[in-house]
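Attaching a single structure in structure tokens format; questions to follow.
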2 protein chains.
Amino acid sequence: MAKQNIQTLKGFRDFSPNMMRFRNEAIKRVREVFEKYGFEELQTPSLEYQKVLLGKYGEEAEKLMYLFDDPGGRGVGLRYDLTVPLARYIAQNQDTPMPFKRYQIQPVWRADKPQKGRYREFFQCDVDTVGSLSPIADAEILAIIWDVVQNAFKFPDFEIKINSRSVLFSSMKKAKIPQKKWSSVIQSIDKLDKKSSGEVKEELRTKGFSADQVANVFTVIGKAEPDDYLKEVVKLAQNIGVTNLTFTPTLARGLDYYTGAIFETVVTEPKIGSVTGGGRYDKLLGDLGGPDLPAVGTTIGLDRCVDVIQELNLWKDIPPTVTALVTTFDKNLSSASINVSNILRAGGINNTIFPDFEKDLKKQFKYADKLNIPIVFIVGPEEFDNGQVTIKNLKTGIQETFPLEELVDKARKHI
Amino acid sequence: MAKQNIQTLKGFRDFSPNMMRFRNEAIKRVREVFEKYGFEELQTPSLEYQKVLLGKYGEEAEKLMYLFDDPGGRGVGLRYDLTVPLARYIAQNQDTPMPFKRYQIQPVWRADKPQKGRYREFFQCDVDTVGSLSPIADAEILAIIWDVVQNAFKFPDFEIKINSRSVLFSSMKKAKIPQKKWSSVIQSIDKLDKKSSGEVKEELRTKGFSADQVANVFTVIGKAEPDDYLKEVVKLAQNIGVTNLTFTPTLARGLDYYTGAIFETVVTEPKIGSVTGGGRYDKLLGDLGGPDLPAVGTTIGLDRCVDVIQELNLWKDIPPTVTALVTTFDKNLSSASINVSNILRAGGINNTIFPDFEKDLKKQFKYADKLNIPIVFIVGPEEFDNGQVTIKNLKTGIQETFPLEELVDKARKHI
């Protein structure tokens, strides 16, 4: 096979068993949090009609889409996010009881320039309440973000930034920015998490704003306060137990589709951008072709979160998938090895038999070691003749031989 | 939105929360079985280079592939199965410790004609041991199939058909079929699970075989016995506890790539085709461009299995994802409802708050009922004033009011 043939595509990754341990654990924990708050899972197809996908995200986004004709000649495309499929699902299932509290954990595809924390196929974990204008719905989304990041993922240092579109808009009014320039100013001040205020001021001057206007913007933003709705959301979220909320009057979120509260979670280390992003979008589902229903939700970026967990080595204690290796000696003893494996399995201990008869035990130990399997059970001719098994703990080096009946007890002691 | 826009593509499906309950439970149970036997998960990208995909499955298969150019102009395609990505992974990761016992649960895409039990996007659960020639490896695959179908899925009536390529080939020899016609005869007799022996005999005559040859084939097949390797595999599988094995000398499996044992699981009801298929393929990984390593494994068709579980209503006892609804009354009492929801959540009870203040409790009950939520907690003004909560069990109709401190105990009693 030529070199090119054996590669994954640029921006795409295989997940080895060792990476899958973390990804599966992360998905399990996210799912548990979503379900605790009464959200249920939806999955939608990877492919949608191009008519569903196009004209929704803007020209720049459409350049990143995987669009093509299927073998039947239909114009199709890979899912770009989980919001448009949600709008399509609700449009197609108008009898869905409202409010619809759904979560969705699936990959999306964007042919973006690959870089640290950015892949062309990545998993989004979306959680949204559709059909409710209540601040309780917003507060629950904040609670889920907090519960995932704080309790499920155990991030040591994070900030949930919150703001509201109306805070931004009233700041623009107070700073006497003409309405048609709001979005340009908001785009610049949104960069204050990455750029210094000097740089942002310079950018606004370059955009043609006067020194007075720029100074006004910064004064007004400095004094900005949450509006009544956001105050109510924060109060309710705190009732649920949420901490680490930071009112951030410069937070704008890139997307224009938010209409109310906006949320974003950042971690101090590693430098990886935001790990969650969301807010209230009361017009979007209608604009996307769905029914005209309000909604609030967030995306949790699974790939970035798992990157954080692995880089900071936050989950030292998640157990290996396979706990024990059962050695084999020769064909005559294969039933004896299978018997040990059976007993362990019935005792709830995931174990693997070394299937190839191999009298050199060191080779089998080395195999266990490479797979991070901590415990080896040896069933050699001597053990078999005496109705015994030998356990070797590869971490501690401890080895002992005991009667077969004690197998599960001994195994549990060493795990 | 025009009608066409709000549809899923032909052959593709949304999975509503009610369907996801079954799919998630099925995946969880399959995963547990795979891991009990020491297999670990691998995931590979949805897209591969066309050079990886093409020239591997034959012309007919390539017509069903979703092939296209990505936005960067690379020739790419969606995964057609999980075996070619496995071969590519091993070729790219030659330091993988052998034997490599991996499982993979991911969707694949085939633009096949949609029909009952056949979708254009469907999940395969593959489990394979790469790098071992031992019959223990084959026996473990049989054990996994049996454990999934019998214990995890609880299928009431199934048969694991087994055969071996060498049984087929020696039958052809004994029936004096010229070697270049073997594959044609084998293709016909493989249909004996769907067609009568009369029909298959007729088909063979039409193919140009003489009456004597056809009679020979049926006599030889009627007397065929497992070869020594298959006998050893069966013995080891039975040691593990496997039942429902049926030696089926006509079983051929469509794919030419099997070299040894072959396995297929069928259910009597519903009529849905095979639910698992696999065998030993010692040449395939090399042919697919991977290293020249032997392998044995099976695919479990998740979508068909879940169809069986739902059609036969096999899992009556899987609990609802969300157990309780907490009603809301008005803005002043929202903190009280949140408090009840918090206490339930801390007690491990997944619950949903009805976020929209709604004094008409019947509407909230109706909502719970539509979502199959069995229990409702009511926090009205009277309950709040007296530090109490009312529970209503929608299944039994039982309703009682009790002090807030008894909340979790009362909830557990009703679940």
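Say we look at the stretch A:38-58 and pick out the residues that are more than 7 Å from chain B (Cβ to nearest Cβ) and farther than 25 Å from B:Tyr66 by Cβ; which of these is farthest from the chain's Cα centre (by Cα)?
Per the criteria, the residue is A:Gly58.
Of all residues in the stretch A:59-84, how many are out of contact with any strand residue (DSSP E or B) (no Cβ under 9 Å at 6 or more places or on another chain) and facing chain B (nearest Cβ under 7 Å)?
Of the residues in that region, 2 qualify.
Sticking with this structure for a sec: Is it fair to say B:Leu192 is in contact (Cβ under 8 Å) with a residue 40 or more places away in the chain, aliphatic (A, V, I, L, M) and assigned to a helix (DSSP H, G or I)?
Values: in contact (Cβ under 8 Å) with a residue 40 or more places away in the chain: yes; aliphatic (A, V, I, L, M): yes; assigned to a helix (DSSP H, G or I): yes.
Here the answer is yes, as B:Leu192 does meet what is asked.
Residue check, A:Lys36 against (1) out of contact with any Lys or Arg (no Cβ under 8 Å at 6 or more places or on another chain); (2) buried (at least 17 other Cβ atoms within 10 Å of the Cβ), all met but one. Which one?
(1)
Sticking with this one: Pick from A:Val306, A:Val296: which is over 24 Å from A:Met19 (Cα atoms) and touching a helix residue (DSSP H, G or I) at 6+ places or on another chain (Cβ under 9 Å)? I'd like the intermediate steps shown before the answer.
Details: A:Val306 fails: over 24 Å from A:Met19 (Cα atoms).
On inspection, the qualifying residue turns out to be A:Val296.
Next question. Restricting to the stretch A:346-358, name every residue that is surrounded by fewer than 23 Cβ atoms within 10 Å (Cβ to Cβ), at the interface with chain B (Cβ under 7 Å from one of its Cβ atoms) and under 16 Å from A:Pro320 (Cβ atoms).
If the condition is that a residue be surrounded by fewer than 23 Cβ atoms within 10 Å (Cβ to Cβ), at the interface with chain B (Cβ under 7 Å from one of its Cβ atoms) and under 16 Å from A:Pro320 (Cβ atoms), then A:Asn350 is the only one that fits.
In the stretch A:309-343, what residues are at the interface with chain B (Cβ under 9 Å from one of its Cβ atoms), buried (at least 22 other Cβ atoms within 10 Å of the Cβ) and either in contact (Cβ under 8 Å) with a residue 60 or more places away in the chain or charged (D, E, K, R) (or both)?
Of everything in the stretch A:309-343, those that are at the interface with chain B (Cβ under 9 Å from one of its Cβ atoms), buried (at least 22 other Cβ atoms within 10 Å of the Cβ) and either in contact (Cβ under 8 Å) with a residue 60 or more places away in the chain or charged (D, E, K, R) (or both) turn out to be A:Thr321, A:Ala324.
Another one. Given the structure, is B:Ile145 at pLDDT 95 or above, assigned to a helix (DSSP H, G or I) and more than 14 Å from chain A (Cβ to nearest Cβ)? Explain how you work it out, then say what you get.
Numbers: at pLDDT 95 or above: yes; assigned to a helix (DSSP H, G or I): yes; more than 14 Å from chain A (Cβ to nearest Cβ): yes.
In short, yes.
Exactly one condition in (1) within 12 Å of A:Thr327 (Cβ to Cβ); (2) part of a helix (DSSP H, G or I) is not met by A:Ile373; state its number.
The failed condition is (2).
How about the stretch B:374-409: which of its residues are crowded, with 20+ Cβ neighbours inside 10 Å and touching an Asp or Glu at 6+ places or on another chain (Cβ under 8 Å)?
B:Val389, B:Ile391
B:Ala224 is checked against (1) under 31 Å from the mean Cα position of the chain (by Cα); (2) surrounded by 16 or more Cβ atoms within 10 Å (Cβ to Cβ) and fails just one. What number does that condition carry?
(1)
Within the stretch B:107-137, how many residues turn out to be more than 9 Å from every other protein chain (Cβ to nearest Cβ), under 19 Å from A:Asn351 (Cβ atoms) and either touching a helix residue (DSSP H, G or I) at 6+ places or on another chain (Cβ under 6 Å) or modelled with pLDDT under 95 (or both)?
Qualifying residue count for the region: 1.
I would also like to ask the following. Among (1) touching a Ser or Thr at 6+ places or on another chain (Cβ under 7 Å); (2) within 14 Å of chain A (Cβ to nearest Cβ); (3) of a type in the set (D, E, K, R), there is one condition B:Glu383 misses while meeting the rest; what is its number?
(2)
Kindly establish whether A:Tyr229 is surrounded by fewer than 20 Cβ atoms within 10 Å (Cβ to Cβ), in the same structural domain as A:Leu284 (by TED's automatic domain parsing) and among the aromatic types (Phe, Trp, Tyr). Steps first, please.
Numbers: surrounded by fewer than 20 Cβ atoms within 10 Å (Cβ to Cβ): yes; in the same structural domain as A:Leu284 (by TED's automatic domain parsing): yes; among the aromatic types (Phe, Trp, Tyr): yes.
Spelling it out, A:Tyr229 is indeed surrounded by fewer than 20 Cβ atoms within 10 Å (Cβ to Cβ), in the same structural domain as A:Leu284 (by TED's automatic domain parsing) and among the aromatic types (Phe, Trp, Tyr).
If A:Lys180 satisfies all but one of (1) at pLDDT below 95; (2) closer than 22 Å to A:Lys235 by Cα, what's the number of the condition it fails?
Condition not satisfied by A:Lys180: (2).
Tally the residues that are among the aliphatic types (A, V, I, L, M) and surrounded by fewer than 19 Cβ atoms within 10 Å (Cβ to Cβ), restricting the search to the stretch B:73-107.
Let us first name the residues in the stretch B:73-107 that are among the aliphatic types (A, V, I, L, M), namely B:76, B:78, B:82, B:84, B:86-87, B:90-91, B:98, B:105.
Then drop every residue that is not surrounded by fewer than 19 Cβ atoms within 10 Å (Cβ to Cβ), which leaves B:98.
So the answer is 1.
While we're here: Can you tell me how many residues within the stretch A:59-87 are outside any strand (DSSP E or B) and within 23 Å of the chain's Cα centre (by Cα)?
If we filter the stretch A:59-87 for residues that are outside any strand (DSSP E or B), which is where we start, we get A:59-66, A:70-74, A:79-87.
Right, trim to within 23 Å of the chain's Cα centre (by Cα) and you get A:61, A:64-66, A:79-87.
Residues that pass the stated criteria total 13.
For the stretch A:208-221, indicate whether the set of residues that are loosely packed, with under 14 Cβ neighbours inside 10 Å and within 24 Å of the chain's Cα centre (by Cα) is non-empty.
The answer is no, given that none of the residues of the stretch A:208-221 is loosely packed, with under 14 Cβ neighbours inside 10 Å and within 24 Å of the chain's Cα centre (by Cα).
Another one. Given the conditions (1) at pLDDT below 95; (2) hydrophobic (A, V, I, L, M, F, W, C); (3) assigned to a loop (DSSP other than H, G, I, E, B), and given that B:Ile349 satisfies all but one, which numbered condition is not satisfied?
(1)
Here is a further query. Can you report the number of residues in the stretch A:1-25 which are farther than 20 Å from A:Phe153 by Cα, facing chain B (nearest Cβ under 7 Å) and without any contact (Cβ under 8 Å) to a residue 60 or more places away in the chain?
8
So B:Lys28 clears everything in (1) in contact (Cβ under 8 Å) with a residue 24 or more places away in the chain; (2) surrounded by fewer than 21 Cβ atoms within 10 Å (Cβ to Cβ); (3) assigned to a helix (DSSP H, G or I) except one condition, right? Which one?
It is condition (1) that B:Lys28 fails.
Hey, another quick one. I'm trying to understand the selection: among the residues of the stretch B:347-364, which are touching a residue at least 12 places away in the same chain (Cβ under 8 Å) and within 40 Å of the chain's Cα centre (by Cα)?
Listed by number, the residues that qualify are B:Gly347, B:Ile349, B:Asn350, B:Asn351, B:Thr352, B:Ile353, B:Phe354, B:Pro355, B:Asp356, B:Gln364.
Which residue is surrounded by the most Cβ atoms within 10 Å (Cβ to Cβ), if the candidates are limited to the stretch B:114-142 and must be outside any helix (DSSP H, G or I) and among the aliphatic types (A, V, I, L, M)? Write out each step before concluding.
So the first thing to find is which residues in the stretch B:114-142 are outside any helix (DSSP H, G or I), and the list is B:114-134.
The next check asks that each one be among the aliphatic types (A, V, I, L, M); those that pass are B:127, B:130, B:133.
Numbers: B:Val127: 28, B:Val130: 24, B:Leu133: 17.
Result: B:Val127.
Now, a different point. With the checklist (1) within 25 Å of the chain's Cα centre (by Cα); (2) in a loop (DSSP other than H, G, I, E, B); (3) more than 7 Å from every other protein chain (Cβ to nearest Cβ); (4) closer than 30 Å to B:Leu133 by Cα in hand, flag the one item B:Thr96 doesn't pass.
Among (1) within 25 Å of the chain's Cα centre (by Cα); (2) in a loop (DSSP other than H, G, I, E, B); (3) more than 7 Å from every other protein chain (Cβ to nearest Cβ); (4) closer than 30 Å to B:Leu133 by Cα, B:Thr96 violates only (1).
Is it the case, given these coordinates, that B:Val306 is in contact (Cβ under 8 Å) with a residue 60 or more places away in the chain and within 14 Å of another protein chain (Cβ to nearest Cβ)? Spell out how you get there, then give the answer.
On the way: in contact (Cβ under 8 Å) with a residue 60 or more places away in the chain: yes; within 14 Å of another protein chain (Cβ to nearest Cβ): yes.
Spelling it out, B:Val306 is indeed in contact (Cβ under 8 Å) with a residue 60 or more places away in the chain and within 14 Å of another protein chain (Cβ to nearest Cβ).
The values are calculated or read from the model by the stated rules, or taken from the named source; none is laboratory data. Since we're looking at a predicted model, the values are computed, not measured. Cβ atoms come from the backbone with ideal geometry, glycine included; neighbour counts cover every protein chain shown.
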